[in-house]
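**Q** Take a look at the following structure, please.
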Amino acid sequence: MATHQSSAASMVSGGTPGDILLDAGTNELEVLVFRMGKGWFGVNVAKVREVIRGEKPSETPNSHPSIMGMINKRGVLVPLVDLAGHLGIKSVAESIEDARIIITEFNGMTVGFVVDDVQRIHRVSWSLVRPAPEFDDGAAEISYSTCTGIVDLDDRLILMIDFESITDAIRMEDRLHVGEVENTLGVDRASVRVVMAEDSSFMREMLGNVFKSSGYGGIEIYSDGTSAWNAIKEMVKQGEKPDIVVSDIEMPGTDGLRLTKLIKEDPALDGVPVVLFSSLITEENLKKGKQVGADIQIPKPELAEIVRLVDRYIHGGIEALRGAA
């Protein structure tokens, strides 16, 4: 498989992850490949601020067992997650100083993930990222619930790690466990057809629970953009269309930006709003979302706000949705 490659060595000791800007709607991503134990794993470079050499953290009392402590990087306190330990993988780094720290930024947080080593950055198409299996046979070192996709790079299977679900599991914030959202606008929620695309099994469960408990009857949730797009095309063949689409950005097969572009360019779907719901709502991605026609973009994990946004659109139309931004 042909990919663009750049060395990850320049990222170590404060280097930033590449200087390649991906155009909106090209269905591409950059993958930072790293090693833990005997396995190779990946993360979207869009979430990576820098990679640094391992350094001993200051201990934090009463913290989660996966938290090694905190380090101070340029005035920012960064909690360090023992990623191998959290996933039940035996690390081969003899000490923290022999390891690498991937410092990430998403959902308004800065978190460091300690890994054994980093390899390089690969630029690939989302169409080459296969969804992870929807089961765990109990024999694997890593549960597939923490893996959002699998890609073959240099004849190696790279598991894309869901850093957000790991962080959410550690934090266990109350806002991730939302019950019924009050229907203040009196919307007929049972008749609304909502299509969702979300690759994280953890977040799919959370989204499904909050919408169903709030009375939404027509919820269809797909694990990737390709499945969502195929379902929407099937609706069009039957002379129907969704009332609204809610999509993650980072997904295997077809990412959220490409899915948005496909919807907005199809005359049969004229007027169908798209909400981008992602941990990657950065200034750069906001621009990309606007380029492909997204109607509104909000950060994860504001589950109750997603329900309220759909309510506002059903009650007041597209202008009410955009006015909520």
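**Q** Apply the a/c threshold of 1.5 to the C-alpha gyration tensor of segment 256-324 and tell me whether it is rounded, prolate or oblate.
**A** Oblate, because a/c is 1.5 or more while a/b does not exceed b/c.
**Q** If you take the beta carbon distance between His64 and Ala268 as r and set R0 to 56 Å, what does 1/(1 + (r/R0)^6) give as a FRET efficiency, to the nearest 0.05?
**A** After rounding to 0.05, the efficiency reads 0.70.
**Q** If I model a spin label at Asn230 and Thr110 as a point 7 Å from the Cα along the Cα→Cβ vector, what separation in nanometres do I get?
**A** The modelled label-to-label distance comes out at 4.2 nm.
**Q** Same structure again: With a ≥ b ≥ c the root eigenvalues of the C-alpha gyration tensor of segment 174-322, is it rounded (a/c under 1.5), prolate (a/b larger than b/c) or oblate?
**A** rounded
**Q** Set the Förster distance to 25 Å, then compute FRET efficiency between Lys287 and Asp243 from the Cβ-Cβ distance, nearest 0.05. It would help to have the intermediate numbers written out before the result.
**A** Working: r = 27 Å, r/R0 = 1.07.
My answer for the efficiency is 0.40.
**Q** Cα to Cα, under 17 Å, and not fewer than 8 places away if on the same chain: which lysines meet these conditions relative to Lys261?
**A** Those lysines meeting the cut-off are Lys233, Lys241, Lys287, Lys288, Lys290.
**Q** Between Val76 and Glu180, what length comes free when the chain is fully extended (0.36 nm per residue of separation minus the Cα-Cα distance, one decimal in nm)? Before the final figure, lay out the partial values.
**A** Values: separation 104, 0.36 × 104 = 37.44 nm, distance 3.61 nm.
Gain on stretching Val76 to Glu180: 33.8 nm.
**Q** Apply the Karplus parameterisation 6.51 cos²θ - 1.76 cosθ + 1.60, with θ equal to phi minus 60°, to every residue of segment 228-239 and state each ³J(HN,Hα) to the nearest whole Hz, in sequence, with x for glycine and proline.
**A** Coupling constants for segment 228-239: 5, 5, 4, 5, 5, 4, 5, 4, 4, 4, 8, x Hz.
**Q** Rounded to whole Hz and in sequence order, give me ³J(HN,Hα) for segment 199-208 from the Karplus expression 6.51 cos²θ - 1.76 cosθ + 1.60, θ = phi - 60°, writing x for Gly and Pro.
**A** 7, 7, 4, 4, 6, 4, 5, 5, 5, x
**Q** Given a Förster distance of 45 Å, report the FRET efficiency between Thr26 and Ser95 from their Cβ-Cβ distance, rounded to the nearest 0.05.
**A** 0.65
**Q** Taking H as built 1.01 Å from N, whose amide H comes closer than 5 Å to the amide H of Cys147, not counting residues under 5 places away?
**A** Result for Cys147 returns Asp162.
**Q** Kindly provide the GluC sites (Glu not before Pro) of segment 158-257 that DSSP labels as loop, not H, G, I, E or B, and whose Cβ sees at most 15 other Cβ atoms within 10 Å.
**A** Glu173, Glu180, Glu182, Glu240
Read-outs: derived from the displayed coordinates by stated rules, not from any lab. All of these numbers come straight from a predicted model, not from anything done at the bench. Positions of Cβ are generated from backbone atoms using ideal geometry, with glycine treated the same way; all protein chains shown enter the neighbour counts.
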